1. Please calculate how many Å² of accessible area the chain carries per residue, with a 1.4 Å probe and no DNA, RNA or ligand atoms counted.
2. Expected output is a single nm value to one decimal: the length gained when fully extending between LYS111 and ASP31, i.e. 0.36 nm times separation in residues minus the C-alpha distance. What is it?
3. Using the crude model of +1 on Lys and Arg Cβ and -1 on Asp and Glu Cβ, and no other charge, please compute the dipole size for region 16-80 relative to its Cα centre, in debye to 20.
4. Please state the relative contact order of region 70-166 as a whole percent: Cα pairs under 8 Å, 6+ residues apart?
5. Evaluate the charge dipole of region 50-120 about its Cα centre and quote only its size in Debye, nearest 20, assuming +1 on the Cβ of each Lys and Arg and -1 on the Cβ of each Asp and Glu.
6. Between ARG18 and TRP91, what is the label-to-label distance in nm when each label sits 7 Å out along the Cα-to-Cβ direction?
7. What does the extension gain come out to for SER138 and ASP123, with contour length at 0.36 nm per residue minus their alpha carbon separation?
8. Among GLY142, LEU56, ALA66, flag the residue with its Cα farthest along the positive direction of the charge dipole of the chain, charges on Cβ as +1 for Lys/Arg and -1 for Asp/Glu.
Amino acid sequence: MSDDQLMGFGEGTFDPPRFSISTAIYAERADNKILLLRRAEGSAMAGAYFLPGGVLDEGEEPYEAARRELREESGLEIIGDLTMVGAYPMWVYGREFMQLTFHGNVGDDVKLSHEHTAHRWVDPSEFAGRLTPDVITSMADGNERIHRLLTNIAEDGQRYLKYRAG
């Protein structure tokens with residue numbers, strides 16, 4: 001038996017799945033529109049518009065990572081609290097990630113990083129409604145991992161709308 005209080009009996013017999021953690025942020029400005037960033041060439045899903053976000057650095061807390069990623073990708077800072085909205089698994093960059101989504105209020109002076117080529121502000125219902133089953137099937141083009149990812153993003157968008165509705 002180990003002296004480590006966080007280890008249980010049967011050491012080495014339990015092999016849980018391993019995920020990296022990433023964040024995405026529903027960055028909402030005063031008119032209730034959210035920020036979407038267009039992915040640059042060389043990135044996963046290049047050319048598509050998605051929420052800002054990225055991978056946690058080693059030892060970083062998810063809320064810190066969400067704030068940092070938003071600042072690095074858009075130049076925006078969260079005003080006040082950051083609230084977790086949802087979580088879903090995804091496969092990108094050759095590995096499994098657990099995507100944590102957050103909501104926070106922001107200003108509107110976007111300064112894009114090299115990771116993105118454009119931005120736009122959209123009504124959250126537009127974002128949540130754009131990934132219909134037909135659009136997902138078309139974008140996935142037979143790739144089950146992309147289909148699952150886009151379905152999870154669509155479900156998270158609906159979760160965000162419910163969160164906003166209170």
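The values are calculated or read from the model by the stated rules, or taken from the named source; none is laboratory data. Note that the structure is predicted; figures quoted are calculated from it, not measured. Using ideal geometry, Cβ is built from the backbone for each residue, glycine included, and neighbour counts are taken over all protein chains shown. In case anyone asks, the SASA skips ligands and DNA or RNA and just uses the protein heavy atoms, side chains included. Shrake-Rupley method; radii C 1.70, N 1.55, O 1.52, S 1.80 Å.
1. Details: 9600 Å² over 166 residues.
Accessible surface, normalised per residue, equals 58 Å².
2. That works out to 26.9 nm of additional length.
3. Computed charge dipole of region 16-80: roughly 280 debye.
4. 30
5. Value, rounded to 20: 260 debye.
6. The answer from the label model is 1.8 nm.
7. 3.1 nm
8. GLY142
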